[in-house]
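**Student:** What follows is a single structure, and I will ask about it in a moment.
The values are calculated or read from the model by the stated rules, or taken from the named source; none is laboratory data. In this text, all values refer to a predicted model and were calculated from it rather than measured experimentally. All Cβ positions, glycine included, derive from the backbone under ideal geometry; neighbour counts span all protein chains shown.
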Amino acid sequence: MKILTEHIDVPNIETIDVFMKHGGYQAVTKALKNMSPDEVTEEVKKSGLRGRGGAGFPVGMKWSFLAKPEGVPRYLVCNADESEPGTFKDHYLMAKSPHTLIEGMIVSSFALGANTSYIYVRGELMYVIHILEKAIQEAYDKGFLGKNILGSGYDLDLYVQPGGGAYICGEETALLESLEGKRGNPRNKPPFPAVKGLWQCPTVVNNVESISATSWIVNNGGDAYAAIGEGRSTGTKLISVSGHVKKPGVYEIPLGITVEDFIFSEEWCGGIRDGHKLKAVIAGGSSVPILPAELILTTANGEKRRMTYESLSDGGFATGTMLGSGGFIVMDETTCIVHNTLTFASFYHHESCGQCSPCREGTGWMDKVLHRIESGEGRKEDVDLLVDVAKKIEGNTICPLGDAASWPVAAAIRHFRDEFEWHIEHPELATK
Amino acid sequence: MEAKTQVAFPAETLELVKRIIARYPEGKQKSALLPILHLAQAEWRWCSPEVMDYVASLLNIQPVEVYEVATFYTMFHLEPVGEHVIEYCRTGPCCLMGGVEVYDHLKKRLGIETGETTADGKFTIKEVECLAACGWGPVFQIREKYYMHLTKEKVDQIIDELGK
Ligand SMILES: NC(=O)C1=CN([C@@H]2O[C@H](COP(=O)(O)OP(=O)(O)OC[C@H]3O[C@@H](n4cnc5c(N)ncnc54)[C@H](O)[C@@H]3O)[C@@H](O)[C@H]2O)C=CC1
Ligand SMILES: Cc1cc2nc3c(=O)[nH]c(=O)nc-3n(C[C@H](O)[C@H](O)[C@H](O)COP(=O)(O)O)c2cc1C
Ligand code: SF4
Ligand code: FES
């Protein structure tokens with residue numbers, strides 16, 4: 001079952017004519033001509049679609065929280081900052097099929113009553129920005145954007161905004177600061193953007209994949225979407241796979257397939273690269289806890305783990321993890337967990353915006369201590385020190401980057417403590 | 001090779017600047033800062049104080065508002081760089097795909113370390129964090145172009161090509 005990527009390999013699908021030949025822009029016609037904004041929102045609510053940026057907040061519910069004071073503009077901002085290590089699904093979708101996102105932007109903006117919308121794309125993806133801008137121009141030329149779209153009386157302008165290289169700008173309030181031309185320092189929440197967002201106006205921020213799914217929901221109805229998947233994990237999800245599988249890449253899966261199937265079947269990752277064994281997986285981008293092979297395949301209760309929000313988090317952090325952004329990082333037995341954890345710790349250290357001292361100082365400490373262990377100068381007390389620093393960051397910061405930095409370290413130690421200790425006890429072997 | 005000395009965009013870029021500013025409501029022209037810094041860097045290769053002052057004047061904001069932004073975001077070069085800036089992804093998933101070895105090869109091939117520029121001014125290498133291409137790694141970026149599935153041989157080819 002494919003919703004977002006059904007036509008992604010059709011030649012020239014990035015052009016509006018080919019896109020329309022494959023059913024593109026029907027949702028715009030249907031929504032603007034035959035539906036009210038509230039009816040669109042209602043279908044999205046029924047679909048059960050949850051935010052694909054990682055937090056999984058129900059999209060329809062967020063839309064219905066949008067404040068609507070008289071005379072104040074409302075905005076839709078698409079979060080295409082995609083910078084979470086392991087995550088490259090939005091990049092793939094936008095580069096190959098830009099109109100999928102643009103169509104979703106039009107339908108979603110209509111539902112929210114936004115007349116100006118922005119797609120904030122990480123600046124490194126400038127080539128994708130050019131692809132989007134070209135596609136937006138095509139949509140204007142066909143009358144899907146601009147004034148009085150399809151004679152409906154609804155006006156919409158759509159722009160692409162480049163970032164400047166900063167992971168933190170994927171956090172929605174930092175993104176809004178950045179879009180206002182400032183440093184990407186996260187704001188305190190609440191107020192949520194839905195109440196005070198871009199230029200202090202009510203704003204919905206949604207991920208590329210979330211917005212892209214709305215056209216299918218308009219075309220086929222929320223119930224049809226909800227019929228795919230399992231429980232509160234409805235629909236399909238893009239999973240970007242990196243690491244030691246035979247076929248890394250981006251896959252659209254119906255939520256609910258087993259992790260084992262996803263990793264080992266030919267339809268998806270095709271198994272672990274030749275001659276090697278699965279060691280560990282980070283299932284939802286670098287921020288979520290790493291799990292060893294046995295726990296990613298089977299929950300602590302002995303059930304087969306499935307690709308859903310609920311199943312992946314089964315067992316809490318003791319034995320579970322999170323679906324997150326769908327950045328699925330696979331490691332075989334040749335992987336050094338200490339080195340891998342160090343690269344993430346350096347990442348968060350580098351990306352901390354520096355506003356909160358636990359995050360600014362703590363990420364620096366974790367980076368430094370891990371570096372020392374990795375380079376053969378670890379001390380006996382270092383493993384506990386890392387756990388302690390991670391604990392002190394968690395929950396004590398303005399935005400979740402602090403948590404995101406502490407979880408990977410804490411989880412790596414939870415499940416692979418012996419490897420850290422081995423590095424400390426055998427410096428001469430560890431640095432080989 | 002020489003960076004231009006007089007800081008002013010050509011007429012067509014100035015037209016583009018106007019169109020960019022028009023994307024935002026009246027009085028919110030500061031939002032155009034990142035897009036215009038990108039244009040400036042494409043024009044002058046790096047963001048010198050003169051360039052940043054010029055950007056401030058275009059947007060009618062204080063120079064310090066430009067400095068604080070340009071220093072926050074990693075894509076802006078605050079010091080002169082070579083003709084080709086190679087931005088190499090050093091994050092975990094790329095390392096799993098063999099990124100460390102390939103990077104060592106690149107440094108050896110160019111005879112420079114991270115952050116340095118070759119003597120002929122052709123290449124600068126920088127380490128960057130995840131470029132959202134993890135499954136296609138190892139990856140580096142030169143300007144707008146992504147070079148993916150890198151191997152030592154591929155790196156040699158790219159350097160031969162660009163070094164001409
Ligand atoms: N895709 C990527 O590259 C990355 C994704 N992430 C993900 O980001 C997640 C954290 O994101 P946050 O935005 O901090 O999570 P959050 O839980 O605070 O919010 C999720 C969304 O729901 C909205 N929301 C929540 N309660 C609301 C209310 N009462 N009224 C109106 N709106 C409400 C928020 O505005 C936001 O848009 C992590 O779980 C992580 O997986 C993190 C890093 C990178
Ligand atoms: C440090 C940090 C980085 C984030 N990066 C992204 C990102 O790159 N893309 C994204 O969609 N959401 C990212 N998020 C989550 C956003 O804050 C927000 O929840 C999301 O854009 C809402 O869209 P959704 O409900 O459609 O998922 C990030 C959150 C944090 C804390
Ligand atoms: S937690 Fe870290 S990244 Fe988030 S606001 Fe605080 S210092 Fe900045
Ligand atoms: S880790 Fe290199 S592109 Fe993501």
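**Student:** Given the conditions (1) surrounded by 15 or more Cβ atoms within 10 Å (Cβ to Cβ); (2) under 28 Å from A:PHE65 (Cα atoms), and given that A:GLY165 satisfies all but one, which numbered condition is not satisfied?
**Tutor:** (2)
**Student:** Hey, can you tell me all the residues within the range A:118-141 that are of a type in the set (D, E, K, R) and within 10 Å of chain B (Cβ to nearest Cβ)?
**Tutor:** A:ARG122, A:GLU124
**Student:** Got at least one residue in the range A:248-271 being over 23 Å from A:TYR92 (Cβ atoms) and within 16 Å of ligand 4 (Cβ to nearest atom)?
**Tutor:** no
**Student:** Hey, another quick one. Just checking, does the range B:112-131 include any residue being within 21 Å of A:HIS349 (Cα to Cα), in a helix (DSSP H, G or I) and either within 14 Å of chain A (Cβ to nearest Cβ) or in contact with a Ser or Thr (Cβ under 8 Å, 6 or more places away or on another chain) (or both)?
**Tutor:** Within the range B:112-131, none of the residues are within 21 Å of A:HIS349 (Cα to Cα), in a helix (DSSP H, G or I) and either within 14 Å of chain A (Cβ to nearest Cβ) or in contact with a Ser or Thr (Cβ under 8 Å, 6 or more places away or on another chain) (or both).
**Student:** Would you mind finding the one in B:ALA56, B:ALA40, B:ALA32, B:ALA11 that is farther than 22 Å from B:HIS77 by Cα and among the hydrophobic types (A, V, I, L, M, F, W, C)?
**Tutor:** Just a single option satisfies the conditions, and that option is B:ALA11.
**Student:** With the checklist (1) over 19 Å from A:ILE102 (Cβ atoms); (2) in contact (Cβ under 8 Å) with a residue 24 or more places away in the chain in hand, flag the one item A:THR214 doesn't pass.
**Tutor:** A:THR214 satisfies every listed condition except (1).
**Student:** I need the full set of residues from the range B:144-162 which are surrounded by 13 or more Cβ atoms within 10 Å (Cβ to Cβ) and under 15 Å from the mean Cα position of the chain (by Cα), in order please.
**Tutor:** Correct list: B:GLU144, B:TYR146, B:TYR147.
**Student:** Check whether at least one residue in the range B:88-100 is within 16 Å of ligand 3 (Cβ to nearest atom) and within 13 Å of the chain's Cα centre (by Cα), and report yes or no.
**Tutor:** Taking every residue of the range B:88-100 in turn, none turns out to be within 16 Å of ligand 3 (Cβ to nearest atom) and within 13 Å of the chain's Cα centre (by Cα).
**Student:** Please state which of the following conditions B:PRO25 fails to meet, knowing it meets all the rest: (1) surrounded by fewer than 20 Cβ atoms within 10 Å (Cβ to Cβ); (2) under 18 Å from the mean Cα position of the chain (by Cα); (3) part of a loop (DSSP other than H, G, I, E, B); (4) not β-branched (Val, Ile, Thr).
**Tutor:** (2)
**Student:** Out of (1) of a type in the set (A, V, I, L, M, F, W, C); (2) over 23 Å from A:GLU351 (Cα atoms); (3) within 14 Å of another protein chain (Cβ to nearest Cβ), the odd one out for A:ALA227 is which?
**Tutor:** A:ALA227 satisfies every listed condition except (3).
**Student:** Separate question: Might you check whether a residue that is free of Cβ contacts under 8 Å to residues at least 60 places away in the same chain and closer than 26 Å to B:MET75 by Cβ occurs anywhere in the range A:370-378?
**Tutor:** yes
**Student:** Continuing with the same structure: Quickly run through the range A:38-71 and pick out the residues that are away from ligand 2 (no atom under 16 Å from the Cβ) and surrounded by fewer than 18 Cβ atoms within 10 Å (Cβ to Cβ).
**Tutor:** Answer for the range A:38-71, where residues must be away from ligand 2 (no atom under 16 Å from the Cβ) and surrounded by fewer than 18 Cβ atoms within 10 Å (Cβ to Cβ): A:ASP38, A:GLU39, A:GLU42, A:LYS46, A:ALA67, A:LYS68, A:PRO69, A:GLU70, A:GLY71.
**Student:** Separate question: Report the residue count in the range B:1-19 for those that are modelled with pLDDT of 95 or more, among the aliphatic types (A, V, I, L, M) and in contact with a Phe, Trp or Tyr (Cβ under 9 Å, 6 or more places away or on another chain).
**Tutor:** Adding up the residues that qualify gives 3.
**Student:** Taking helices (runs of 4 or more DSSP H) that fall entirely within the range A:284-362, which contain at least 1 residues that are buried (at least 23 other Cβ atoms within 10 Å of the Cβ) and within 12 Å of another protein chain (Cβ to nearest Cβ)?
**Tutor:** By residue number, A:337-351.
**Student:** Is there any pair linking a residue in the range A:196-209 that is in contact (Cβ under 8 Å) with a residue 60 or more places away in the chain to one that is within 16 Å of ligand 3 (Cβ to nearest atom) and assigned to a helix (DSSP H, G or I), with Cβ under 8 Å and at least six apart or on different chains, and which?
**Tutor:** Listed by first residue and then by second, the contacts come to A:GLY197/A:LEU176; A:LEU198/A:LEU176; A:THR203/A:LEU176; A:VAL205/A:GLU172; A:VAL205/A:LEU175; A:VAL205/A:LEU176.
**Student:** Residues of the range A:122-170 being over 15 Å from A:SER97 (Cβ atoms) and among the small types (Gly, Ala, Ser), which ones?
**Tutor:** Of everything in the range A:122-170, those that are over 15 Å from A:SER97 (Cβ atoms) and among the small types (Gly, Ala, Ser) turn out to be A:GLY123, A:GLY143, A:GLY146, A:GLY151, A:SER152, A:GLY153, A:GLY163, A:GLY164, A:GLY165, A:ALA166, A:GLY170.
**Student:** Give the range A:162-177 a look and list any residue that's within 7 Å of another protein chain (Cβ to nearest Cβ) and away from ligand 4 (no atom under 16 Å from the Cβ), or say none.
**Tutor:** A:PRO162, A:GLY164, listed by residue number.
**Student:** Being within 16 Å of ligand 4 (Cβ to nearest atom) and touching a residue at least 12 places away in the same chain (Cβ under 8 Å) is true for just one of A:ALA345, A:ALA412. Which residue is that?
**Tutor:** Just one listed residue meets the conditions, A:ALA345.
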